[in-house]
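Student: Quick one: the structure is below, and I'll ask about it shortly.
The values are calculated or read from the model by the stated rules, or taken from the named source; none is laboratory data. Just so it is clear, the model here is predicted, and its values are computed rather than measured. FYI the Cβ positions are ideal-geometry reconstructions off the backbone, even for glycines, and counts take in every protein chain you see.
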Amino acid sequence: MITVNGWRGRRYLPGVLAVVVAAIVVAGGCGSTTEQGQPESSAATPQVDQSLRDRLPADILSRGEITVVTDASYPPIESFDEDGQTVIGVDPDIASAIGALVGVRIVLRNADFGTLIDLVKSGEADMVMSAMTDTPAREADLDFVNYFAAGTSIVVQRGNPQLITDPTSLCGESVAVEEGTTQEALVARYQSKCSAPISVLTGTTNDDALVLLRTGRVVAVLMDYPPAEWLTTDPKTHAHYELSSTSQYEPGLYGIGLAKDRSALRDVVADALGELIENGTYQAILDEWNVGHGAVTQASINAASGS
């Protein structure tokens, strides 16, 4: 197992914490530069809050780590760096800050998005943190600590050859979404407004969905606004993709998902997030990734159902 000692910024698009996936640990502590000589993140490493650490469940304290599952195909929220092993993004940075604050390591495991809830429910992971929108349906399986706001955007080929403007203009067309995402449900709701149905193709990852668009097998991919905006402005991809509009459809809250019987850990995570919001660490992380527009002002639990 590889231990990353220190919360060190790495400049990819914005400054981020580098995290190696599948067999990695992120530890609290502060470093000045990365091994590549990159400048450190502007977000300072949180010091351990002993009162939060004392409330951690015994199994977490015994292991000294929290295992987090994620689907690393959604930059800038989470994605693989150029080495194909390191995961970087908003979620790794926030997870690392929570770990530093409660005094345990954060271990990230990469998995397909559609499997993440079951991995947490089965106890194979402690939390899911993967740009997962909190919905009433998902709250039937997990509890969620809400930490970010985003809606759905429509990504089309550069030049928008099919003149897609909004979800209703997808009627009679083929679109792609990542399997298990809220975008599947969004398309289903818009089907009732169509005289000709929308044909929906799903990809195991968001990258799979984008391949379908790049190769012309669909006219659009529906995805959350932050990764859509990143995709259409990043120098490596902007020549191929653009937003059909700046609209965000059916905005919701991302949630850190935990098993229903892990309320003690859930409450510690929620209070740690609240502390990061109050001390400015949270906003600094979002600003480093240019997604400050999605900031929430306080931590909440199961906000989709209002409980």
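Student: Could you please let me know if VAL19 is modelled with pLDDT under 95, touching a strand residue (DSSP E or B) at 6+ places or on another chain (Cβ under 9 Å), assigned to a strand (DSSP E or B) and not basic (Lys, Arg)?
Tutor: yes
Student: Restricting attention to strands (runs of 3 or more DSSP E) lying wholly within region 72-116, give those where 1 or more residues are in the same structural domain as ALA58 (by TED's automatic domain parsing) and under 10 Å from the mean Cα position of the chain (by Cα).
Tutor: 78-80
Student: What single numbered condition from (1) under 19 Å from GLY180 (Cβ atoms); (2) touching a residue at least 12 places away in the same chain (Cβ under 8 Å); (3) outside the structural domain of VAL269 (by TED's automatic domain parsing) fails to hold for VAL145?
Tutor: That leaves (1) as the condition not met.
Student: Considering only region 151-185, state which residues are surrounded by fewer than 17 Cβ atoms within 10 Å (Cβ to Cβ) and of a type in the set (A, V, I, L, M, F, W, C).
Tutor: LEU163, CYS171, ALA185
Student: Right, ALA284: over 29 Å from TYR190 (Cα atoms) and among the aliphatic types (A, V, I, L, M) or not?
Tutor: Here the answer is yes, as ALA284 does meet what is asked.
Student: Being assigned by TED's automatic domain parsing to the domain that holds PRO57 and closer than 24 Å to ASP112 by Cα narrows it down to one residue among VAL200, VAL211, VAL269, VAL187; which is it?
Tutor: It is VAL269.
Student: Here is a further query. For region 63-89, name all the residues that are modelled with pLDDT of 95 or more and at positive phi.
Tutor: Passing the criteria: GLY64, GLY89.
Student: With the requirement that a residue be under 30 Å from ALA264 (Cα atoms), in a helix (DSSP H, G or I) and either more than 23 Å from the chain's Cα centre (by Cα) or not polar (S, T, N, Q) (or both), what does region 138-192 give you?
Tutor: Result: ARG138, GLU139.
Student: Of the conditions (1) over 19 Å from PHE113 (Cβ atoms); (2) in contact with a strand residue (DSSP E or B) (Cβ under 9 Å, 6 or more places away or on another chain), SER195 fails just one. Which one is it?
Tutor: All conditions are met except number (2).
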